[in-house]
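Heads up: the structure comes next, in structure tokens.
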Amino acid sequence: LGDVYKRQAHGSGRATREQYEQLGADLATNGFALLTYDKRGVGDSGGEYFGVGPGNAEEAFELLAADVLAGVEALAARPDIRGDQIGILGISQGGWIAPLAATISDRVAFQVILSGTTVPVGDEIYYSELTGERDGAEIDDVELSAALAAFEGEPGHDPRTVLDAVDVPTLWILGSEDRSIPIPETVATLEELVAAGRPYTYHLLEGFGHGLRNAGSREPAPTFPIIFQWLVTQAAPR
């Protein structure tokens, strides 16, 4: 295993460990290790898979963050892992879970968040309903932002308090054509947090959707070089 370790937090779907094998291989080749696992209730994992909405988000995210931190603790005890260089990779829904885990445990040294939002759960679900979650959908961003600002439904988990409390370096990678999360609102919040001194860095990749694939060609975004270059600024592998 590599010198610097990353623990992966899933998105909202029925994610299995096999989905991240290529990223794990890329990281391992460059001196980093990635632990990926079947999500709760999926594949070989026990427990029960469940959907998350405004009404159950707080409880659900606490449970899913505990799953992540159980892995962090197990790896921290290994002699082939640097316990002071364990990070979390959060994907989509994992963008809510990873920061929560980082505020619970001081084992978390950094985070990488792919296509994660900074808005409340209810807002994100409403936004997805407006867009149909179609990458590249022909929907006016100004109208979407106005509709989101007027949303009066149940917000559920609001990550802003958690994000204000995170004190570890965090890299966000976003796609400009994402139609699952509101990119203008997410970027605006990240810029506010950076201005307030929070240790965040973000990359907005033009032309890419929620899955970080090009909205036209479907080619994957160059996420690994961005992640790798950022990781080596946090801790150099042996």
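The values are calculated or read from the model by the stated rules, or taken from the named source; none is laboratory data. Here the structure is a predicted model, which is why all the values come from computation and not from measurement. As a convention, Cβ positions derive from the backbone with ideal geometry for all residues, glycine included, and neighbour counts pool all protein chains shown. Areas reflect the complete protein model, heavy atoms only, side chains present, ligands, DNA and RNA absent. Shrake-Rupley method; radii C 1.70, N 1.55, O 1.52, S 1.80 Å.
Find which of SER128, SER92, ALA70 sits farthest along the positive direction of the dipole of the range 57-158, computed with +1 on the beta-carbon of Lys and Arg, -1 on that of Asp and Glu, about the Cα centre. Farthest towards the positive end: ALA70. Residue-wise HN-Hα couplings along the range 86-96, as the Karplus relation 6.51 cos²θ - 1.76 cosθ + 1.60 with θ = phi - 60° gives them from phi, are 9, x, 10, 9, x, 10, 6, 4, x, x, 8 Hz; Gly and Pro carry x.
A Stokes-Einstein calculation at 10 °C with viscosity 1.306 mPa s, built on the Kirkwood radius of the range 99-199 over Cα pairs, returns a diffusion coefficient of 111 µm²/s. With the whole protein complex present, ARG160 retains an accessible surface near 70 Å², based on a 1.4 Å probe. In terms of packing, defined here as the mean over residues of other Cβ atoms within 10 angstrom, the peptides 103-116, 198-211 line up highest first as 103-116, 198-211. Dividing the radius of gyration of the alpha carbons in the range 46-99 by their Kirkwood radius gives 1.04 for Rg/Rh.
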